[in-house]
Amino acid sequence: SEANAVLELVDVPGQALEGDEIAVTVRVRAGGSEGARTQVVLEEYEDEERLRVLAEAEVALSTEGERVVLIAPAGSGALGESQRRFRISVPPLEGESLVDDNQHEFSVHISPARIRVLFVEGYPRWEYRFVKNLLLRADRNIDVQCFLLSATRDFPQESSRDLPPLTEVPTSREALLEN
């Protein structure tokens with residue numbers, strides 16, 4: 001059979017938070033070249049024409065295909081970029097005439113939005129302390145405000161570094177959205 005490498009996009013996120021890595025999962029299948037190996041290359045468009053290599057992986061060629069995950073590191077572009085454009089490809093096999101299926105181009109929407117968490121708990125149970133500490137140590141894209149209902153009025157409620165501690169539980173839509 002004629003040599004033909006086929007690159008299939010298996011999993012590409014439609015969007016990511018600013019500063020996140022992006023995992024791209026592909027499957028490489030090939031007819032007529034079982035046992036050979038090839039490189040999968042993930043590139044990012046720096047502008048309309050220039051590409052920069054972000055990741056490479058070697059895969060074995062087979063008819064059932066091999067899955068591989070390539071990681072695009074956090075964007076180095078200007079903050080506020082609304083999307084990142086990528087190309088993932090495998091080189092043509094020797095004697096391959098159908099090369100349209102050797103590459104895919106795709107975009108990932110980049111959201112500058114931060115994840116905001118309001119964590120309200122009645123008593124300082126073990127679970128509360130565990131989850132609160134996990135959230136407060138989480139990455140910089142997560143803003144957290146905690147409120148312990150059983151605490152005394154002068155108890156310093158905990159929050160992320162840049163947020164003021166709560167003095168009461170926000171109950172109106174406006175109060176919830178303002179922080």
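All of the numbers you see were taken from the coordinates with simple rules; none came from a lab. Treat the numbers as computed from the prediction; the structure is a model and nothing was measured. Here the Cβ positions follow ideal geometry from the backbone for every residue, glycine too, while neighbour counts run over all protein chains shown.
Summary of packing: across the peptides 94-101, 25-32, the per-residue average of other C-beta atoms within 10 Å ranks them, highest first, as 25-32, 94-101.
Using only side-chain charges placed at the Cβ, +1 for Lys and Arg and -1 for Asp and Glu, the dipole size of the chain relative to its Cα centre rounds to 1040 debye. Amide hydrogen proximity for V120: with H placed 1.01 Å from N in the peptide plane, the residues at 5 or more positions away or on another chain lying under 5 Å are F147. DSSP bridge analysis restricted to the chain gives an antiparallel fraction near 80%, rounded to the nearest 5.
Converting phi to 3J(HN,Hα) with the Karplus coefficients 6.51, -1.76 and 1.60 and the offset θ = phi - 60°, the range 151-156 yields 6, 6, 4, 8, 5, x Hz in sequence order, with x at every glycine or proline. Shown here for the range 114-164: trypsin sites (Lys or Arg not before Pro) in loop regions (DSSP other than H, G, I, E, B) with at most 15 other Cβ atoms within 10 Å, namely R114, R125, R137, R140, R153, R161. From the P(r) of the range 111-179, can you give the percent of Cα pairs sitting at distances over 19 Å? Looking at the range 111-179, the distances longer than 19 Å represent 32 percent of pairs. Let me test this: with uniform point scatterers at the alpha carbons of the chain, what is the Debye-based log₁₀ I(q)/I(0) at q = 0.16, 0.17, 0.18 1/Å? Debye output, listed in q order: -0.93, -1.00, -1.07.
Phi-derived couplings, Karplus 6.51 cos²θ - 1.76 cosθ + 1.60 at θ = phi - 60°, listed residue by residue for the range 58-75: 9, 10, 8, 8, 7, 6, 7, x, 10, 8, 9, 10, 10, 10, 8, x, 3, x Hz, with x used for Gly and Pro. The amide H of A138, built 1.01 Å from its N in the peptide plane, has no neighbour under 5 Å, considering only residues 5 or more places off or on other chains. Normalised by residue number, the volume inside the convex hull of the Cα atoms of the range 96-142 is 141 Å³ per residue. Under 5 Å from the amide H of G75 lie the amide H atoms of G19, D20, each residue being 5 or more positions distant or on a separate chain, with H modelled from the backbone and absent for Pro and chain starts.
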